[in-house]
Amino acid sequence: MFEVEYDLAEEDLIHFNEKRFLNTEQSRKRLRFGQGIVPAILVMIGLFYGLLLRDEYTGLFTVVFALVLAFGMPYFSRWEMRRRLRAQYTDEEKAKILGHYKLAIEPKVLVEVSPSGENKMAWKELLRVEYGDKYVYIYIDIDTALVIPVRSITSGDLEKFSEQADKLIDRFT
């Protein structure tokens with residue numbers, strides 16, 4: 001049957017959690033607020049100081065700070081989110097999650113051999129296969145997936161494997 005082997009690194013785990021978080025409405029609102037609304041208010045305050053109160057230095061400083069905030073907020077938010085995600089997992093959990101994986105397609109189950117042991121998942125329990133540029137995700141739950149990084153495939157044909165897995169998930173659901 002179809003098999004694929006790959007190595008899962010911490011960066012791949014962080015990427016999946018980051019992708020999942022950025023797709024939530026709450027995170028989009030927070031980014032809009034930090035990148036748009038707060039800097040706009042600061043620009044208005046800066047213009048108030050500069051034009052009406054004739055305090056050009058305070059006004060200029062406030063407007064420059066607003067621009068730095070508007071353009072720097074996405075980078076800072078991403079850095080902070082990655083820092084929190086790294087701290088979320090203990091070393092023990094990382095040892096069970098990260099490492100060499102082997103996935104094998106069998107007629108009724110998907111067999112996963114991972115650092116934490118062997119696991120068999122029925123096709124009817126799996127939700128979907130999602131394709132990305134650098135990753136393929138096989139969703140087990142709404143927010144849980146097998147993350148397969150394209151760059152770290154050690155054996156097997158990922159394209160054929162994921163197509164077959166997608167067909168079997170569709171067939172059994």
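Every number here is computed from the coordinates shown, using simple stated rules; none is lab data. Worth saying up front: this structure is predicted, and the values here are computed from it rather than measured. Using ideal geometry, Cβ is built from the backbone for each residue, glycine included, and neighbour counts are taken over all protein chains shown.
As a footprinting exposure proxy, order VAL109, VAL150 by other Cβ within 10 Å, with the fewest listed first.
VAL150, VAL109
Note down the Stokes-Einstein diffusion coefficient of the stretch 1-130 in µm²/s, whole number, using a Kirkwood radius over alpha carbon pairs, 4 °C, and 1.567 mPa s.
69
Calculate one ³J(HN,Hα) per residue across the stretch 72-82 by plugging θ = phi - 60° into the Karplus curve 6.51 cos²θ - 1.76 cosθ + 1.60, and present them in order as whole Hz with x for glycine and proline.
Residue by residue, the stretch 72-82 yields x, 4, x, 5, 5, 4, 5, 4, 5, 5, 5 Hz.
Once you treat every alpha carbon in the stretch 15-88 as an equal point and sum by Debye, what is log10 I(q)/I(0) at q = 0.15, 0.16, 0.27 Å⁻¹?
Debye curve over Cα of the stretch 15-88, log10 I(q)/I(0) at q = 0.15, 0.16, 0.27 Å⁻¹: -0.59, -0.63, -1.12.
Work out from phi, with θ = phi - 60° and the Karplus expression 6.51 cos²θ - 1.76 cosθ + 1.60, the ³J(HN,Hα) of each residue of the stretch 3-19, listed in order in whole Hz, and give x for Gly and Pro.
Whole-Hz 3J(HN,Hα) from phi for the stretch 3-19: 9, 8, 10, 7, 10, 9, 9, 4, 4, 5, 5, 4, 4, 5, 5, 5, 4.
Taking neighbour counts of Cβ atoms within 10 Å as a proxy for exposure, in what order, fewest first, do ASP157, ASP12 appear?
Least to most surrounded, the residues fall as ASP157, ASP12.
Calculated from DSSP H runs of 4 or more alone, at -39500 (n - 2.57) each and per residue, what is the 222 nm mean residue ellipticity of the chain, nearest 500?
Estimated from H runs of four or more residues: -16000 deg cm²/dmol.
Pick out, from VAL147, LEU47, THR62, the residue whose Cα sits farthest towards the positive end of the charge dipole of the chain, with +1 on the Cβ of Lys and Arg and -1 on the Cβ of Asp and Glu.
Final value for the positive-end residue is LEU47.
Could you list VAL4, VAL68, VAL113, VAL43 in order of exposure, starting from the residue whose Cβ has the fewest other Cβ atoms within 10 Å?
VAL68, VAL113, VAL43, VAL4
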